[in-house]
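Following: one structure in structure tokens, then a few remarks.
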Amino acid sequence: MALLFFLILAFCTGLGLLESSSRTRLVGGRHRCEGRVEVERDGQWGTVCDDGWGKKDVEVVCRELGCGAATGTPSGTLYKPLAEKDQKVLIQAVNCSGMESKLIHCEQEEDVFDCSHNEDAGAMCEIPETVRLVGGPGHCKGRVEVKHREQWGTVCKAGWNLSAAKVVCRQLGCGRATLTQRCCNKDTQGQGPIWLSEVSCSGQEESLQDCPSGLWGKNNCTHDEDTWVECEDPFDLRLVGGDTRCSGRLEVLHKGEWGSVCDDGWGEKEEQVVCKQLGCGESIFLSAKAQRNFGLGVGRIWLDDVHCSGKEQSLEQCRHRFWGYHNCNHKEDVAVSCLGDHNN
Ligand SMILES: *[C@@H]1O[C@H](CO)[C@@H](O)[C@H](O)[C@H]1NC(C)=O
Ligand SMILES: *[C@@H]1O[C@H](CO)[C@@H](O)[C@H](O)[C@H]1NC(C)=O
Ligand SMILES: *[C@@H]1O[C@H](CO)[C@@H](O)[C@H](O)[C@H]1NC(C)=O
């Protein structure tokens, strides 16, 4: 009896240890809720083979990481830099029912017999929504609302400053925070609970919820004091005038306005960054004649003298002249063609 008890105890502690030492992360994606799946064993991070990898498995990863809904089950070499050569593939196959709270609770084949880093499993999840801007144009301007106990409520502007706005803009994946005096009139003010007041951020916090504040729901504010934030639109790019979204004249979005890119100094590395950012695979060479078929741009010429190393995740990270400064005309607009359209 005592022995049995001991065995059960040993078994449980073993499991406990296994579980507490098991961690999962996503590497190489656009944010913490997307990337190549890596699991930790004995202090080493390894990958998971994509055998049988699917939606249910990704759902579990998203849940484990506190991310939102599963949106994709990528695998292979999509996420750069690739796993190191000496990083092990730790799991050959995973079979989750979809209800597990962690990947380690899923049925797993740990005997890795046949897998390389070309078959690494990945996950795409939504970023969980805990803050939003409402009542403004687009999702990057509006009244600040935070989610608490499954209910959206407003933030009082007592104590609020530009550093807090910066945190919100970053959290939402928007551009820079801009100074605004604008606030809420009777049409745009909130109605529900006033969740936060005296929010004081240094500006370095990952999320608004990390900033010191008064207690949730404990304040004497009214909706006349709702906080309003304006961020620039996020940098974005698109290819226009072609048959698919993966070829055409290049346009970039800056301060809410689409503009073209000048071809001074433009080359293969820059094209690769664009194709990768759009999820369109490798870039392919375009003759000058083919380029002209996409037509000339109108309006702003945003970028000139762009230089990329080829490793950037976004064209925005490449060196370039200050936005809007150039010595070009629209005859020099860049056009790009990429091999494929993986997301249709
Ligand atoms: C995965 O598990 C389910 C039951 O949970 C089982 O029916 C199925 O055969 C398993 N698939 C593989 C590939 O092991
Ligand atoms: C905003 O307030 C916080 C906390 O009081 C302070 O650390 C920060 O420097 C302030 N930021 C600005 C832009 O005034
Ligand atoms: C709200 O006002 C009451 C009465 O003036 C005061 O006692 C209380 O401390 C205030 N609460 C906060 C959070 O400021």
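A few remarks follow.
- One residue from THR47, THR24, THR73 being among the β-branched types (Val, Ile, Thr), at pLDDT 90 or above and touching a Gly at 6+ places or on another chain (Cβ under 7 Å): THR73
- Given (1) touching an Asp or Glu at 6+ places or on another chain (Cβ under 6 Å); (2) surrounded by fewer than 21 Cβ atoms within 10 Å (Cβ to Cβ); (3) small (Gly, Ala, Ser), index of the condition GLY297 fails: (2)
- Residues being farther than 23 Å from SER314 by Cβ, among the hydrophobic types (A, V, I, L, M, F, W, C) and away from ligand 2 (no atom under 16 Å from the Cβ) - total across the stretch 128-178: 3
- Of the strands (runs of 3 or more DSSP E) lying entirely inside the stretch 33-86, those carrying at least 1 residues that are out of contact with any strand residue (DSSP E or B) (no Cβ under 7 Å at 6 or more places or on another chain), touching a residue at least 12 places away in the same chain (Cβ under 8 Å) and surrounded by 14 or more Cβ atoms within 10 Å (Cβ to Cβ) are 34-41.
- Set side by side, the residues VAL112, VAL167 differ, and just one is closer than 25 Å to GLY28 by Cα and either touching a strand residue (DSSP E or B) at 6+ places or on another chain (Cβ under 7 Å) or of a type in the set (D, E, K, R) (or both), which is VAL112.
- When the stretch 139-156 is filtered for residues that are buried (at least 21 other Cβ atoms within 10 Å of the Cβ) and either of a type in the set (A, V, I, L, M) or in a loop (DSSP other than H, G, I, E, B) (or both), the ones remaining, listed by number, are CYS140, VAL144, VAL146, VAL155.
- Residue check for CYS156: closer than 29 Å to GLU64 by Cβ and in contact (Cβ under 8 Å) with a residue 24 or more places away in the chain: no
- Figure legend. Inter-residue proximity from the stretch 196-225: first residues within 16 Å of ligand 1 (Cβ to nearest atom), second residues modelled with pLDDT under 95 and β-branched (Val, Ile, Thr), beta-carbon distance below 7 Å, spacing 6+ or different chains. No pairs are indicated.
Each row is one residue, and each column tells you yes or no for (1) farther than 20 Å from SER247 by Cα; (2) of a type in the set (Lys, Arg); (3) assigned by TED's automatic domain parsing to the domain that holds GLU251.
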residue	(1), (2), (3)
GLU282	no, no, yes
LEU286	no, no, yes
GLN291	no, no, yes
GLY295	no, no, yes
LEU303	no, no, yes
HIS307	yes, no, yes
GLN313	no, no, yes
ARG319	yes, yes, yes
TYR325	yes, no, yes
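- Qualifying residue in the stretch 229-237 (condition: in contact with a strand residue (DSSP E or B) (Cβ under 7 Å, 6 or more places away or on another chain), within 16 Å of ligand 2 (Cβ to nearest atom) and under 14 Å from VAL146 (Cα atoms)): yes
The values are calculated or read from the model by the stated rules, or taken from the named source; none is laboratory data. Being a predicted model, the structure only gives us computed values, none of them experimental. Neighbour counts are summed over all protein chains in view; Cβ atoms, including those assigned to glycine, are modelled from backbone coordinates with ideal geometry.
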